[in-house]
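K.L.:
My structure is below; once you've seen it, I'll send some questions.
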Amino acid sequence: MIENSRGDSGFGAIIATGACAAMIFNTLPLFLGAATDAHQLSHAATGGLGSLYLGAFGLSSVAAAYWMERADRRVLALGLFLGAATMLVLAATADGWPFFAASLFGAGLLLGALYSLSFVIAGERSNPTRAFGIKLLGEVALGAALLAVIPLYLLPVFGMAGMLMGFAAVALAGSLCVPWIARRAPLSSTAQPSAGTALPGLPMAAVACLAALFVFTIGQSAVWSFVERRGAAAGFDGAAIGAALSVAAFAGGLGSLAAAWISERLGPVTPLLVAASLHALALILFAAVSGFPAFVAAVNLFMFAWLFALPYMTAAVSASDPNGRATSVVAACLAFGSMAGPGLAGQLVAGGGFGWLYAGAAGAALAAYVAFGRLANTRIGPKTGMAD
């Protein structure tokens with residue numbers, strides 16, 4: 001069955017589009033660590049490489065908010081999958097740095113649009129909190145698999161070229177989900193424009209939600225992009241760090257699964273309080289790492305809290321704008337926040353060490369949790385609906 005009775009896209013399509021689009025970000029510590037070792041990059045240059053890719057990702061996500069509703073989504077998705085695979089192959093076979101960087105930038109543009117599509121089709125489900133949770137579960141599951149396979153089989157034999165070819169193969173496999181994507185938005189999701197917008201098509205509540213999500217993502221991506229470097233600085237074995245990251249990806253999956261299962265049973269505020277508490281504990285452990293068990297605990301708590309909170313935050317964005325445009329901007333918000341995070345992390349670590357990084361991340365997370373809590377208390381929270 002391609003679509004359900006409402007004309008929504010199937011969960012297989014939601015999972016595949018999101019997981020393939022996010023695969024480089026979800027393996028970013030490994031990708032940046034390999035690039036640092038291969039090219040002898042400084043901390044600042046390592047952050048810049050992450051920002052190059054994520055900048056392209058964000059640019060296309062912003063543009064997608066304005067033209068995606070006019071496109072045949074199946075044709076669009078197929079083109080994005082195949083185009084991204086081509087760009088990744090070109091990056092893997094590039095002779096010099098400029099062509100490699102240009103190919104990676106092109107891949108970011110295509111995968112950014114694909115990620116925006118994944119949020120749009122998830123937000124059209126009758127219970128978006130659950131849909132976002134399942135979508136994120138698929139993303140981290142693929143990320144965990146890649147984190148387990150790449151350091152064991154691809155990097156030792158083929159280096160970064162092997163990693164990029166592996167990404168291209170995943171994109172090609174993901175294109176098989178295209179028949180499960182609805183060609184157009186279901187009629188039940190169409191809403192009339194609302195009055196009192198802060199930006200074209202965006203109510204003030206949506207702008208506030210997106211701003212809080214942007215700040216949250218900066219802090220999260222800053223910590224995530226330098227997790228591998230934190231373990232290396234503590235003297236841990238590279239293979240052990242890779243295994244810890246893979247396990248942490250599964251912990252993130254459990255977080256998104258928990259959000260999908262709990263859904264709206266506890267309301268929009270209580271889950272955020274739980275996530276904030278776990279997040280604080282993770283950052284404390286990161287700052288005080290004295291052994292490998294503490295490092296593993298920190299990474300796992302961090303990923304669980306991140307992906308437990310994110311479905312509630314994205315569902316709040318979806319509920320804040322009845323036109324649906326804010327949901328399509330979520331991918332851009334995440335991308336630009338993720339773009340800023342690695343560069344900021346590199347500057348903080350270079351200037352004051354890892355302690356500065358975790359202090360900055362704590363401030364960003366606190367501001368976001370407070371903002372979403374206030375929005376929830378003013379009834380800007382996940383919209384209700386029948387279970388999918």
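The values are calculated or read from the model by the stated rules, or taken from the named source; none is laboratory data. Since we're looking at a predicted model, the values are computed, not measured. Glycine gets a Cβ as well: all are built from the backbone with ideal geometry, and neighbour counts include every protein chain shown. Accessible surface areas use protein heavy atoms only, side chains included; no ligands, DNA or RNA. Shrake-Rupley method; radii C 1.70, N 1.55, O 1.52, S 1.80 Å.
K.L.:
Filter the chain for me: DSSP H helices, axial length by Cα at least 20 angstrom, mean Kyte-Doolittle hydropathy not below -1.0. List them by residue number.
P.N.:
On the way: long enough: 43-67 (37 Å, 0.85); 73-92 (28 Å, 1.72); 97-123 (38 Å, 1.63); 128-149 (31 Å, 1.29); 155-174 (25 Å, 1.84); 204-225 (31 Å, 1.75); 238-262 (36 Å, 1.64); 270-287 (26 Å, 2.06); 292-320 (42 Å, 1.55); 325-352 (40 Å, 1.05); 354-377 (35 Å, 1.01).
What comes out of the filter, once short or polar helices are dropped, is 43-67, 73-92, 97-123, 128-149, 155-174, 204-225, 238-262, 270-287, 292-320, 325-352, 354-377.
K.L.:
Rounded to the nearest 0.05, what FRET efficiency do Asp37 and Ala211 have when you use their Cβ-Cβ distance and R0 = 35 Å?
P.N.:
In this case the efficiency is close to 0.45.
K.L.:
Amide H of Ser9: which non-local residues (sequence gap of 5 or more, or other chain) have their own amide H closer than 5 Å, using H built in the peptide plane?
P.N.:
Result for Ser9 returns Ala182.
K.L.:
Let me ask something additional. Roughly to the nearest percent, how much of the accessible area of the chain is carbon and sulfur, given a 1.4 Å probe? All intermediate terms of the calculation are to be shown ahead of the outcome.
P.N.:
On the way: 10220 of 14500 Å².
In the chain, the share of accessible area belonging to carbon and sulfur is 70 percent.
K.L.:
Report the residue, chosen from Ile15, Ile241, Ile262, that carries the largest GNM mean-square fluctuation when the chain is represented by alpha-carbon nodes joined by springs under 10 Å.
P.N.:
Of the options given, Ile262 has the highest mean-square fluctuation.
K.L.:
Could you compute the net charge surrounding Arg70? Neighbours are other residues with a C-beta less than 15 Å from the C-beta of Arg70; K and R count +1, D and E count -1. Walk me through the intermediate numbers first.
P.N.:
Details: positive: Arg73, Arg74, Arg183, Arg184, Arg325; negative: Glu69, Asp72.
Counting the neighbours of Arg70, the net charge comes to +3.
K.L.:
Over the heavy atoms of Trp67, what accessible area does a 1.4 Å probe trace out, to the nearest 10 Å²?
P.N.:
Accessible area, nearest 10 Å²: 90 Å².
K.L.:
Just to confirm, what accessible area per residue do you get for region 55-121 at 1.4 Å probe, in whole Å²?
P.N.:
Numbers: 2460 Å² over 67 residues.
Here the per-residue accessible area is 37 Å².
K.L.:
Arrange the residues Met204, Met87, Met165 by how much accessible surface each exposes, largest first, with a 1.4 angstrom probe. Walk me through the intermediate numbers first.
P.N.:
Working: Met204 120, Met87 50, Met165 90 Å².
So the residues, ranked largest to smallest area, are Met204, Met165, Met87.
K.L.:
At a Förster radius of 30 Å, what calculated FRET efficiency corresponds to the Cβ-Cβ distance of Val149 and Ala294, to the nearest 0.05? Display every interim value, and only then the final one.
P.N.:
Details: r = 26 Å, r/R0 = 0.88.
Between Val149 and Ala294 the formula returns 0.70.
K.L.:
Name the residue, out of Pro271, Pro151, Pro293, whose mean-square fluctuation peaks in a Gaussian network model built on the chain with Cα pairs under 10 Å.
P.N.:
Result for the chain, Cα springs under 10 Å: Pro293 fluctuates most.
K.L.:
I've got another one for you. What FRET efficiency do you get for Ala350 and Ala239 if R0 is 22 Å and r is their Cβ-Cβ distance, rounded to the nearest 0.05? List each step's numbers first, then the result.
P.N.:
Numbers: r = 27 Å, r/R0 = 1.21.
Given R0 = 22 Å and the Cβ-Cβ separation, E is 0.25.
K.L.:
Based on the mean of other Cβ atoms within 10 Å per residue, sort peptides 242-251, 359-368, 124-133 so the most packed one is first.
P.N.:
Working: 242-251: 21.8, 359-368: 19.7, 124-133: 25.0.
Final packing ranking: 124-133, 242-251, 359-368.
K.L.:
Still on this structure, I have one more. Keeping all protein chains in position, work out how much accessible area Cys333 exposes to a 1.4 Å probe, and write it in Å² to the nearest 10.
P.N.:
Approximately 10 Å² for this residue.
K.L.:
Could you grab the relative contact order for the chain? Cα pairs under 8 Å, six or more apart, rounded to a whole percent. Walk me through the numbers before you get to the answer.
P.N.:
Working: 711 pairs, mean separation 113.5, N = 388.
The value is 29 percent.
K.L.:
Compute, for the chain, the length of the dipole vector about the Cα centre, with Cβ point charges of +1 (Lys, Arg) and -1 (Asp, Glu) only. Units Debye, rounded to 20. Kindly include the intermediate steps, with their values, before the conclusion.
P.N.:
Values: 16 positive and 13 negative charges, 147 e Å.
The calculation lands at about 700 debye.
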